[in-house]
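Visitor: Structure provided below as structure tokens; questions to follow.
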Ligand SMILES: [Cu+2]
């Protein structure tokens, strides 16, 4: 805050309540703006993107949910932004919620690639978005790059978007613990917003530590 703004708040004196409301509005605007500035504005309308990137480096196979909670009714990828190592296979698994979905590399938002690399509607998916729980699509990301943006084309306007960041150094946000693990969805929780995400993260870390401790 610059000096002139501080002075004006001081002069308002008894209008402190009004100044407080102005501060809240400024903070809210700042958060939305910060989310829009990373990953080339790809997540500008993605309600379940909280401005963090899940760190799933160190794993051969990483799960992303298709039809996770968010953007209305289960029209989200969970987690939306995931960092992996080169050579990792990302497995998208449909939850069965939110209608027909697909996974399409979105070159319009890709700063490095003009050619579509992955599309779940290719061979095996018969050219349509599908709703069925347990449907999977996978892609192995061999080359490090800034990020690979993708969308669900039927729900892109609602914010159903994701990004795979290859190489943790390329994350454009704070990295947070990846909570889903490398197992398939039978054992993974359904993503349901920031509170559930935080809870799952804590439980996931505890479970992981217990596992590691048990192996030593
Ligand atoms: Cu969708």
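The values are calculated or read from the model by the stated rules, or taken from the named source; none is laboratory data. Given the structure is predicted, the values throughout are model-derived calculations rather than measurements. For neighbour counting, all protein chains shown are included, and Cβ atoms are generated from backbone atoms with ideal geometry for every residue, glycine included.
Visitor: Every residue in segment 115-173 that is within 13 Å of the ligand (Cβ to nearest atom), in a loop (DSSP other than H, G, I, E, B) and surrounded by 13 or more Cβ atoms within 10 Å (Cβ to Cβ), please.
Guide: 120, 121, 129, 131, 135, 152, 159, 160
Visitor: I would also like to ask the following. Pick from 138, 126, 93: which is at pLDDT below 95 and over 13 Å from the mean Cα position of the chain (by Cα)?
Guide: Going through 138, 126, 93 in turn, just one is at pLDDT below 95 and over 13 Å from the mean Cα position of the chain (by Cα): 126.
Visitor: Still on this model: Within segment 70-90, take every residue that is more than 15 Å from residue 179 (Cα to Cα) and either within 13 Å of the ligand (Cβ to nearest atom) or outside the structural domain of residue 164 (by TED's automatic domain parsing) (or both) and give me the one that is nearest to the chain's Cα centre (by Cα).
Guide: 76
Visitor: Criterion first (touching a helix residue (DSSP H, G or I) at 6+ places or on another chain (Cβ under 9 Å) and within 12 Å of the ligand (Cβ to nearest atom)) does residue 104 satisfy it?
Guide: Judged against the criteria, residue 104 is a match.
Visitor: Could you pull out the residue among 96, 72 that is part of a loop (DSSP other than H, G, I, E, B) and farther than 20 Å from residue 44 by Cβ?
Guide: 96
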